[in-house]
Amino acid sequence: MYIRFNGCYYIAVIRSISNSNDYYVVHVSANGRKAYCTCKYHLITGKPCKHIVAVINELERKGFLETRTLSINRTSRSLPKPPSS
């Protein structure tokens, strides 16, 4: 996973596990409230996909995000918090 910050949002490029020729681009706003992915699941449903969740988890792990609330296609959705270890 490659992640870059563009001043207003994070851009991540993720390679598909099932087909190494496929790549998905994920955009996450700097505050973590809005996200977009180029995968078919997100484009069709507008719901957070596994790519968005993976990028947000990585950004949180690195300390860049503190929130877990997203606005996807004008709809607020909350992501579940990971289980505490």
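No lab work stands behind these numbers, since they all come straight from the coordinates. In this text the structure is predicted, and so the values were computed from the model without any measurement. Cβ coordinates were reconstructed from backbone atoms using ideal geometry, including for glycine residues, and neighbour counts include every protein chain displayed.
Sort 51-57, 20-26 by packing, meaning the average of other beta carbons within 10 Å per residue, with the highest value first.
Those peptides, ordered most packed to least, come out 51-57, 20-26.
Order by neighbour count: TYR9, TYR2, fewest other Cβ atoms within 10 Å first, most last.
Result, fewest neighbours first: TYR2, TYR9.
Pull up all non-local amide H partners of TYR23: gap of 5 or more, or a different chain, and H-to-H distance under 5 Å with H placed in the peptide plane.
Sorted by chain and number, the residues that satisfy this are SER16.
Rank the residues LYS62, LYS47 as a footprinting-exposure proxy: fewest other Cβ atoms within 10 Å of their Cβ go first.
Going from sparsest to densest Cβ surroundings: LYS62, LYS47.
What are the semi-axes of the equivalent ellipsoid for region 1-46, taken as the square roots of 5 times the Cα gyration tensor eigenvalues, largest first, in whole Å?
They are 20, 14, 6 Å, listed largest first.
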